[in-house]
Amino acid sequence: MKAGKYLFIGEGNDVKALNKTTGAVKWISTAPLGAGQVAKYILVKGAYVLIASNSKLVILNREDGTVQTPVTDFTSTSEPILFGGYLIGGTSSGVQAYQAIMMPDLRISSITKTSNSTTAKIENIGLGNANKVLVKWVVQKTDGTYRTIHISAGTINAGETKNVTITGDFNKGTATVDPYYVISELNENNNERYFS
């Protein structure tokens, strides 16, 4: 059982989300880990609910219980934790950290470049309302030198997208939603995109 915006309960192979005040059922996910896989561990991260047994893991949408990732092999003999962008589980031979299964909270989904501007489309897919979002651009100018520019994206509400544009004729560069600015819960390594 895990409390959050809702109360999440593993019941055999199934997972239920209940209204934490009234107990009314919000949704039921039937055997999200597959047949015979008991939903033993439940972790909540932003808009996602991570469900694990001692051998499998899947990520569900917190609001409706839909499966967001394929079922992944996950070996753990103890309750896993989320730390530093990793899912960490204890095994019989030590500690195992899984990175690939983490989903970004705030990501750059695309870059659009024209002759005099570059636009990053930012999606808020795992946070509540993200305030004071900062985009860090590292760009190569036409003379070959590099320049770093920070642009405020302001607030990006939960589930919304926002375009952040930089003007100028740049050959290439990167755009990064800066995880070290004011949003401490971002999963870094998922929030940078290269363009040329």
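Below, the figures for the structure above:
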quantity: Selection from segment 135-170 of residues that are in a strand (DSSP E or B) and closer than 26 Å to residue 61 by Cα; calculated: 153, 154, 155, 156, 161, 162, 163
quantity: Tabulated pairs, segment 150-162, first under 15 Å from residue 121 (Cβ atoms) and in contact (Cβ under 8 Å) with a residue 12 or more places away in the chain, second surrounded by 14 or more Cβ atoms within 10 Å (Cβ to Cβ) and hydroxyl-bearing (Ser, Thr, Tyr), C-beta under 9 angstrom, 6+ apart or interchain; calculated: none
quantity: Counted residues, segment 19-33 - those being part of a loop (DSSP other than H, G, I, E, B) and surrounded by 12 or more Cβ atoms within 10 Å (Cβ to Cβ); calculated: 4
quantity: Those residues of segment 144-161 which are of a type outside the set (Ser, Thr, Tyr), at pLDDT 85 or above and touching a Leu at 6+ places or on another chain (Cβ under 9 Å), in sequence order; calculated: 150, 151, 153, 156
quantity: Single match in 69, 30 (criterion: modelled with pLDDT under 90 and of a type in the set (Ser, Thr, Tyr)); calculated: 69
quantity: Candidates 136, 26, 113, 121, filtered to the one that is touching a Phe, Trp or Tyr at 6+ places or on another chain (Cβ under 7 Å) and without any contact (Cβ under 8 Å) to a residue 60 or more places away in the chain; calculated: 26
quantity: Residue count, segment 133-169 (criterion: within 28 Å of residue 68 (Cα to Cα) and either among the aliphatic types (A, V, I, L, M) or loosely packed, with under 13 Cβ neighbours inside 10 Å (or both)); calculated: 9
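The values are calculated or read from the model by the stated rules, or taken from the named source; none is laboratory data. On a predicted model such as this, the values are computed, not experimentally measured, just so you know. Ideal geometry is used to build each Cβ from the backbone, glycine not excepted, and the neighbour counts take in all protein chains shown.
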